[in-house]
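Colleague: The structure that follows is given in the form of structure tokens.
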Amino acid sequence: CHKNVKRHYTICNTMRMGIYEEITRCIKRVTEDEDSPFDPVPFSDEDQSRICLTLKNYKTQIGTSHQLHNLVLDDEGDIRASSKGDTWYIKGPMGRGLCLNEESKGHHFAFCAGTGILVFLDLVTFLILQNTKASTNGKFSGFQDSFVLHLFVAFRDKQESIGLEILEGLEKIN
């Protein structure tokens, strides 16, 4: 990896193993009247030793996404080796985030396409948890009742969509 090349990626905890599955179960509990308990374990802060990367492979030979897709993983999903022995430097988080808090209210409009949805999936997940009264471990009590998110999303096609099940779930719950 060239030291002067920098790529900025988005942290999206919703895509972590266990969280996505629990959110889709949470949606089904509400929309299909299922009677299964909410599992808060995937949302705990206990294991912070891993990061989850959700990357689209643009398949350009020298591209970062292509190189990351060609890493060799072990049975646990950890990196064993890179085909070229590259060193990857990960730093962050960076930026101010969405700057939302308990006092946030009013109408918020967002537009995104493709992998740009990753910026908003954690917010959508939180809104699902808040609207279904699932536990958020007491870290954030929720938004004001007047908080409304208008999220406009576009994908090339359904097969390339990311988080569509969760996005449609929030729409059904609201």
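The values are calculated or read from the model by the stated rules, or taken from the named source; none is laboratory data. Note that the structure is predicted; figures quoted are calculated from it, not measured. Note: ideal-geometry Cβ built from the backbone for every residue, glycine included; neighbour counts use all protein chains shown. Only protein heavy atoms, including side chains, enter the accessible area calculation; ligands, DNA and RNA are left aside. Shrake-Rupley method; radii C 1.70, N 1.55, O 1.52, S 1.80 Å.
Colleague: Are there any pairs, at least 6 apart or on different chains, whose C-beta atoms fall under 6 Å, with the first in the range 93-117 and more than 27 Å from Asn57 (Cβ to Cβ) and modelled with pLDDT of 90 or more and the second among the aliphatic types (A, V, I, L, M) and assigned to a strand (DSSP E or B), and if so, which?
Modeller: Between residues of the range 93-117 that are more than 27 Å from Asn57 (Cβ to Cβ) and modelled with pLDDT of 90 or more and residues that are among the aliphatic types (A, V, I, L, M) and assigned to a strand (DSSP E or B), the close pairs are His107/Val148; His108/Leu149.
Colleague: For the range 1-13, which residues satisfy the criterion of being modelled with pLDDT of 80 or more and closer than 17 Å to Leu68 by Cβ?
Modeller: Cys12
Colleague: The conditions are (1) assigned to a helix (DSSP H, G or I); (2) over 20 Å from Thr31 (Cα atoms), and Leu129 fails exactly one of them. Which is it?
Modeller: (2)
Colleague: Just to be sure I understand, how many residues within the range 14-29 are modelled with pLDDT of 85 or more and open to solvent by 70 Å² or more (accessible area, probe 1.4 Å)?
Modeller: Result for the range 14-29: 3.
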